[in-house]
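The values are calculated or read from the model by the stated rules, or taken from the named source; none is laboratory data. This one's a predicted model, so the numbers in the text were calculated from it and none came from an experiment. Glycine also receives a Cβ, built like all others from the backbone with ideal geometry; neighbour counts cover every protein chain displayed.
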Amino acid sequence: MMLKNDRLLKALKREPVDATPVWIMRQAGRYLPEYRAIRAKAGAFMNLCKTPELACEVTIQPLERFDLDAAILFSDILTIPDAMGLDLQFIEGEGPHFAHPIKTQADINKLGTPDPEQDLGYVMDAVRLVKKTLDQRVPLIGFAGSPWTLATYMIEGGSSKEFRQIKKMAFNEPAMLHHLLEKLAASVALYLEAQIRAGVDVVMVFDTWGGILIPRDYQEFSLRYLQHIVQALQHHNVPIILFTKNGGQWLEMIANTGCQGVGIDWTVDIAQARARVGHQVALQGNMDPAILYAKPERIVQEVNYILNAFGDHPGHIFNLGHGITPDVDPDNVKVLVDAVHNFSSSSSSSSSSSSSS
């Protein structure tokens, strides 16, 4: 069966579209009251992730409110380290916490490669259920965290601002860190392959913390393993989007991995980004999430600015430069989504009529 709305897939192939596709990182989340109701019903956050029926419900919720061009699976990037036995918990007000962080080579040696259908079967069950529920309405995006980003949580024991432990390992024990990153890259590749088999149409790798590295360390500890994942998945013929937060300086290197799309945050000018990569990849982004706190007319103004800056070229997926924040008014999200479609569809129709005249 063909997708009823394939704008996202066309944009990733850099083909013309009738309107710029738009989806939003963390579009299923705490800013929606209906999400908060399901989250309360689930109790612990991981119960929500590990119950396919609930994960499916919250994946679909934003599509019932907004005219989005893609669904993204509701899950978490830390499912892989949890399946490796690090015992993931989410502490209210603090975020993720691992009971057994990685400290030694022996800790790394103990880590197995999770079987996606066994150890992470709840994710694959959720993918299959979401695909059935969507009934080809829009594409489904599957995702994983990058090896470097997963390693930061595993070594720090949770969220961090200083990243002292992982940087200490990178500087003092690089071979040990590479051993961990190799295991994680293999696990991420298998995990995304299983999501593809279960039915996702696009995969995305979130390299949330790649931007904390100096350039040569980014290439050694992050980009190398993103490249490994892209190469492992290429034979599936499913588009891959890579996103390194604060990674604008490495845009060309990310594009050279062989991925089909590169996510950019709001610190990069999208016109300059497109000039740098040309037609090599699609670009995804890149509105500052904080603009969703602004008045509707300011949101529309920013949407128009970004669309104009990208220009009348194929290969743009509109998104925020990072995830939507919990206290945003859902009405402002509708303003954003509708503005993207209204402005880009009128632009594409006017450009096609001018080219035919």
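List of remarks:
- You will find that of Leu251, Leu226, the residue that is aliphatic (A, V, I, L, M) and touching a Pro at 6+ places or on another chain (Cβ under 9 Å) is Leu226 and no other.
- Flag for Asp115 being part of a helix (DSSP H, G or I) and more than 23 Å from Val333 (Cβ to Cβ): no
- Residue count, the stretch 135-161 (criterion: in a loop (DSSP other than H, G, I, E, B) and not hydrophobic (A, V, I, L, M, F, W, C)): 9
- The residues of the stretch 242-261 that are surrounded by fewer than 24 Cβ atoms within 10 Å (Cβ to Cβ) and either among the aliphatic types (A, V, I, L, M) or part of a helix (DSSP H, G or I) (or both), listed by number, are Gly248, Gln249, Trp250, Leu251, Glu252, Met253, Ala255.
- Asp67 being surrounded by fewer than 18 Cβ atoms within 10 Å (Cβ to Cβ) and under 30 Å from Val340 (Cβ atoms): yes
- Members of the stretch 213-227 found to be assigned to a helix (DSSP H, G or I) and either buried (at least 22 other Cβ atoms within 10 Å of the Cβ) or in contact (Cβ under 8 Å) with a residue 60 or more places away in the chain (or both), listed by number: Tyr218, Phe221, Ser222, Leu223, Tyr225, Leu226
- Qualifying residue in the stretch 82-91 (condition: farther than 25 Å from Pro147 by Cβ, among the β-branched types (Val, Ile, Thr) and surrounded by fewer than 20 Cβ atoms within 10 Å (Cβ to Cβ)): no
- Wholly enclosed helices (runs of 4 or more DSSP H) of the stretch 5-102 bearing at least 1 residues of a type in the set (Phe, Trp, Tyr) and at pLDDT 95 or above: 33-42
- Sole exception among (1) surrounded by 21 or more Cβ atoms within 10 Å (Cβ to Cβ); (2) out of contact with any helix residue (DSSP H, G or I) (no Cβ under 7 Å at 6 or more places or on another chain); (3) small (Gly, Ala, Ser) for Gly142, by number: (2)
- Residue satisfying all of: in the stretch 160-209; without any contact (Cβ under 8 Å) to a residue 24 or more places away in the chain and among the aliphatic types (A, V, I, L, M); farthest from Leu226 (Cα to Cα) among these: Met169
- Count of the stretch 273-296 residues which are in a helix (DSSP H, G or I) and either among the aliphatic types (A, V, I, L, M) or touching a helix residue (DSSP H, G or I) at 6+ places or on another chain (Cβ under 9 Å) (or both): 10
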